[in-house]
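First the structure, in the form of structure tokens, and then the observations on it.
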Amino acid sequence: MKEHLEQICMTVNGVPRKFVIGDGVGCVSPSETLLDTIRDRLGLTAAKRSCEHGACGCCTVIVDGDAVASCMVLTADCDGSSVTTLEGLCDPVTGELSPLQKAFADNSAFQCGFCTPGIIMSTKALLDQNPNPTEKELTEALSGNYCRCISHYQVIRTVMGFINEMKRKEA
Ligand code: FES
Ligand code: FES
């Protein structure tokens, strides 16, 4: 955490947010995680609380372009950052799902769905950085996302199909 920081300014899904650091009511304690802040303060519950040890990826969000386990990040360390959660992928006006989210829904690339927000956010971060990844690169990017329902095969098929579809549209 930056020394002498008294408030945290960040954008979450494009909306500016400001938090006061401290132990008082309504303040963000220096030890509060980003997962706690987005779920409990902002009501953005797509990122799931599961292991809380950085092992499952269910809480994955994008911070400044990178997929991160929000249970392992202190909110106080996000001062000046841009945070995107699964909710932020939807059209802000209509609420319509993004093409990537639709691909997961259309192909049933999940079972219980608990891990799915984290998987979609890891995929989104990868595709933003590398729109044409190989299957190996995709698999590596999702290696921190654990699915207890073993939906991985369908996820990989869905995302590779989505990438090919995007390429076909651009051709
Ligand atoms: S809840 Fe954050 S990695 Fe598992
Ligand atoms: S779909 Fe159930 S944990 Fe992944």
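The values are calculated or read from the model by the stated rules, or taken from the named source; none is laboratory data. Note that the structure is a prediction, hence the values are computed from the model and not measured. Positions of Cβ are generated from backbone atoms using ideal geometry, with glycine treated the same way; all protein chains shown enter the neighbour counts. These area figures cover heavy atoms from the full protein model, side chains too; ligands, DNA and RNA do not enter into them. Shrake-Rupley method; radii C 1.70, N 1.55, O 1.52, S 1.80 Å.
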(request) For the range 26-64 and the range 95-171, compute the distance between their C-alpha centroids and round to whole Å. (result) 21
(request) Quickly estimate the mean residue ellipticity at 222 nm for the chain, helices only: each DSSP H run with n ≥ 4 gives -39500 (n - 2.57), and the total goes over all residues, rounded to 500. (result) -8500 deg cm²/dmol
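When only DSSP loop residues count, what GluC sites (Glu not before Pro) in the range 66-171 have their Cβ near at most 11 other Cβ atoms within 10 Å? Intermediate results must be reported in sequence, preceding the final value.
Values: sites: E87, E96, E135, E137, E140, E165, E170; in loops: E96.
When the GluC sites (Glu not before Pro) of the range 66-171 are filtered for loop state and at most 11 Cβ neighbours within 10 Å, E96 remain.
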(message) Just want the answer: with Cβ charges of +1 for Lys and Arg and -1 for Asp and Glu, which residue in S143, I156, P131 is farthest toward the dipole's positive end in the range 122-171?
(response) I156
(request) Scan around G57 for amide H atoms under 5 Å from its own, H built in the peptide plane at 1.01 Å from N, and keep only partners 5 or more places away or cross-chain. (result) Y146
(message) With +1 on the Cβ of every Lys and Arg and -1 on the Cβ of every Asp and Glu, and nothing else charged, how large is the dipole of the range 99-170 about its Cα centre, in debye rounded to the nearest 20?
(response) 140
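Roll a 1.4 Å probe over the protein chains and send me the accessible area per residue for the chain in Å².
Working: 9160 Å² over 171 residues.
With all protein chains present, the chain gives 54 Å² per residue.
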(message) Quick check: the angle from helix 152-170's long axis to the longest principal axis of the chain, C-alpha only, nearest 10 degrees?
(response) 80
(request) Select from G118, G144, G22 the residue whose mean-square fluctuation is largest in a Gaussian network model of the chain (Cα-Cα springs shorter than 10 Å). (result) G22
(message) If I ignore ligands, DNA and RNA and count only protein heavy atoms, how much of V93 is accessible to a 1.4 Å probe, in Å² to the nearest 10?
(response) 130
(message) Give me, ordered by chain and number, the residues 5 or more places off V12 or on other chains with an amide H under 5 Å from its own placed amide H.
(response) R17, V83
(message) Greater than 26 Å separation of Cα atoms is the criterion. Which listed pairs, K18/K102; K124/K167; K124/K169, meet it?
(response) K18/K102
(request) For the range 64-71, take each phi angle, set θ = phi - 60°, evaluate the Karplus expression 6.51 cos²θ - 1.76 cosθ + 1.60, and give the result in whole Hz per residue in order, putting x for glycine and proline. (result) 6, x, 10, 6, 9, 7, 5, 6
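Placing +1 at every Lys and Arg Cβ and -1 at every Asp and Glu Cβ, with all other atoms neutral, what dipole size does the chain have around its Cα centre, in debye to the nearest 20? Intermediate results must be reported in sequence, preceding the final value.
Numbers: 15 positive and 21 negative charges, 112 e Å.
Roughly 540 debye for the chain.
Run through the range 114-171 and list the trypsin sites (Lys or Arg not before Pro) located in a DSSP loop whose Cβ has at most 15 other Cβ atoms within 10 Å. If you can, show how the numbers build up before the last one.
On the way: sites: K124, K136, R148, R157, K167, R168, K169; in loops: R148.
For trypsin sites (Lys or Arg not before Pro) across the range 114-171 that sit outside H, G, I, E and B with at most 15 neighbouring Cβ atoms in 10 Å, the list reads R148.
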(request) Give a residue-ordered list of calculated ³J(HN,Hα) values for the range 29-36 (Karplus: 6.51 cos²θ - 1.76 cosθ + 1.60, θ = phi - 60°; whole Hz; x for Gly, Pro). (result) 6, x, 9, 6, 8, 4, 4, 4
(message) Amide H of I21 versus every other amide H placed in the peptide plane: which residues, excluding those fewer than 5 positions away on the same chain, fall under 5 Å?
(response) Q7, I8, V28
(request) List, in order, the whole-Hz ³J(HN,Hα) value for each residue of the range 120-135 obtained from phi through the Karplus relation with A = 6.51, B = -1.76, C = 1.60 and θ = phi - 60°; use x for Gly and Pro. (result) 5, 5, 5, 5, 4, 4, 4, 5, 5, 8, 8, x, 10, x, 6, 4
